[in-house]
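Participant: I am attaching a structure below and will ask some questions about it afterwards.
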Amino acid sequence: HRQGVAALYASCFSKELKFVKKILKIPAELKPAANYFGGVKQVERRLYESVLNDAFCRNIRTPADFESHGRTMLPQLQPNAQEKLDVALTVLEAYRSAHGIILNLERAYRTNGAALGFLKGLRRDLSRLIPDTFLELYGTNRLKQLSRYIRAVSIRAQRGPADLAKDDRRAAELTLYQQKLDDLLSALSPSVSAEKRKGIEDLFWMLEEYKISLFAQELKTLTPVSKKRLDAKLSEI
């Protein structure tokens, strides 16, 4: 139903949304970064759909509410689109940088199996954090934090191979919680409560902050995070 409402708004505001599409263009210097996510056209399409859904994917049931919400959102479309684009470009740039750092390190340590295994693990972490669908998956406020988490991966990549034993000790503190999160995600069903779903999502982001506290302290965590807080969140879930 929500998607149907968004489609109806898209039909009603087709002229205004043409200008939104013109805003949502990837600049030439970041087009190579878009290739990691299906190419420029794919990223621009997902940007547009994300802006559309943010504004209009609503559980609206009456003509009066439909008209009222449309009047409220219409003047916000272009500024919201510009904000979404700016944030997305920051993520693309951070991802391209992290990918390049890992690639160069893989070349430098091409004869070191342990280091290559470590870097392969960070590639998986990066893909997990920034899937192809990240623009649809994350709201604008969450997108604003993604570049910090990507930079944390870059910092860890640069430090880890020089002292893998030290990284392993710190990673051991993380592994248990990561496994519990994976178990919760694999057990999710369509009927899970909204409260539980939000709790699991909160745990996911708490773990990203925990990684910063372990591997990239100079970035500073947004909120205090510790084993005690993680245990409390797990208990709550």
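The values are calculated or read from the model by the stated rules, or taken from the named source; none is laboratory data. Note that the coordinates shown come from a computational prediction; the quantities given were computed from them, not determined experimentally. So basically every Cβ, Gly included, is an ideal-geometry build from the backbone, and we count neighbours across all protein chains shown. What goes into the accessible areas is simple: the full protein's heavy atoms, side chains included, and nothing from ligands, DNA or RNA. Shrake-Rupley method; radii C 1.70, N 1.55, O 1.52, S 1.80 Å.
Participant: Out of curiosity, is ARG148 closer than 20 Å to LEU30 by Cβ, open to solvent by less than 60 Å² (accessible area, probe 1.4 Å) and either in contact with a His (Cβ under 9 Å, 6 or more places away or on another chain) or at pLDDT 95 or above (or both)?
Facilitator: Yes: the conditions hold for ARG148.
Participant: Yes or no: ASP65 open to solvent by 60 Å² or more (accessible area, probe 1.4 Å), without any contact (Cβ under 8 Å) to a residue 60 or more places away in the chain and out of contact with any Leu (no Cβ under 8 Å at 6 or more places or on another chain)?
Facilitator: When the stated conditions are applied, ASP65 passes them.
Participant: Restricting to segment 45-62, give me the number of residues that are among the charged types (D, E, K, R) and free of Cβ contacts under 8 Å to residues at least 40 places away in the same chain.
Facilitator: Residues that pass the stated criteria total 2.
Participant: Under 8 Å by Cβ, and 6 or more places apart or on different chains, what pairs join a residue from segment 189-211 that is touching a residue at least 40 places away in the same chain (Cβ under 8 Å) with one that is among the aromatic types (Phe, Trp, Tyr) and crowded, with 18+ Cβ neighbours inside 10 Å?
Facilitator: As it stands, the answer is GLU208/TYR149; LYS211/TYR149, since those pairs meet every condition given.
Participant: Quick one: would you say ASN141 is within 28 Å of GLN82 (Cβ to Cβ), part of a helix (DSSP H, G or I), open to solvent by 80 Å² or more (accessible area, probe 1.4 Å) and not basic (Lys, Arg)?
Facilitator: It is true that ASN141 is within 28 Å of GLN82 (Cβ to Cβ), part of a helix (DSSP H, G or I), open to solvent by 80 Å² or more (accessible area, probe 1.4 Å) and not basic (Lys, Arg).
Participant: While we're here: Being among the hydroxyl-bearing types (Ser, Thr, Tyr) and open to solvent by 30 Å² or more (accessible area, probe 1.4 Å) is the filter; apply it to segment 1-43 and report the residue that is farthest from HIS99 (Cα to Cα).
Facilitator: That would be SER11.
Participant: Can ARG71 be described as open to solvent by 70 Å² or more (accessible area, probe 1.4 Å), among the basic types (Lys, Arg) and either over 30 Å from GLY160 (Cβ atoms) or free of Cβ contacts under 8 Å to residues at least 12 places away in the same chain (or both)?
Facilitator: yes
Participant: Still on this structure, please answer the following. For LEU85, all conditions in the list (1) aliphatic (A, V, I, L, M); (2) farther than 18 Å from ASP125 by Cβ; (3) surrounded by fewer than 15 Cβ atoms within 10 Å (Cβ to Cβ) hold save one; what is the number of the exception?
Facilitator: (3)
Participant: Which of the helices (runs of 4 or more DSSP H) found entirely inside segment 1-43 contain at least 3 residues meeting this: farther than 16 Å from PHE56 by Cα?
Facilitator: Once the helices (runs of 4 or more DSSP H) in segment 1-43 are filtered for at least 3 residues that are farther than 16 Å from PHE56 by Cα, what remains is 14-23, 31-34.
Participant: Please count how many residues of segment 106-124 are polar (S, T, N, Q) and free of Cβ contacts under 8 Å to residues at least 24 places away in the same chain.
Facilitator: Here the count works out to 1.
Participant: Would you mind stating whether THR111 is part of a helix (DSSP H, G or I), over 20 Å from the mean Cα position of the chain (by Cα) and among the β-branched types (Val, Ile, Thr)?
Facilitator: Here the answer is no, as THR111 does not meet what is asked.
Participant: If you go through segment 57-90, how many residues are of a type outside the set (D, E, K, R) and touching a His at 6+ places or on another chain (Cβ under 8 Å)?
Facilitator: Going through segment 57-90 one residue at a time, the tally reaches 2.
Yes/no matrix, rows are residues, columns are (1) β-branched (Val, Ile, Thr); (2) free of Cβ contacts under 8 Å to residues at least 40 places away in the same chain; (3) out of contact with any Phe, Trp or Tyr (no Cβ under 9 Å at 6 or more places or on another chain):
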site: LEU126; (1), (2), (3): no, yes, no
site: LEU137; (1), (2), (3): no, yes, yes
site: ARG148; (1), (2), (3): no, no, yes
site: ARG151; (1), (2), (3): no, no, yes
site: ILE155; (1), (2), (3): yes, no, no
site: ASP163; (1), (2), (3): no, yes, yes
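Participant: Any residue at all in segment 191-204 that is under 30 Å from ARG45 (Cβ atoms), modelled with pLDDT under 95, hydrophobic (A, V, I, L, M, F, W, C) and exposed (fewer than 12 other Cβ atoms within 10 Å of the Cβ)?
Facilitator: yes
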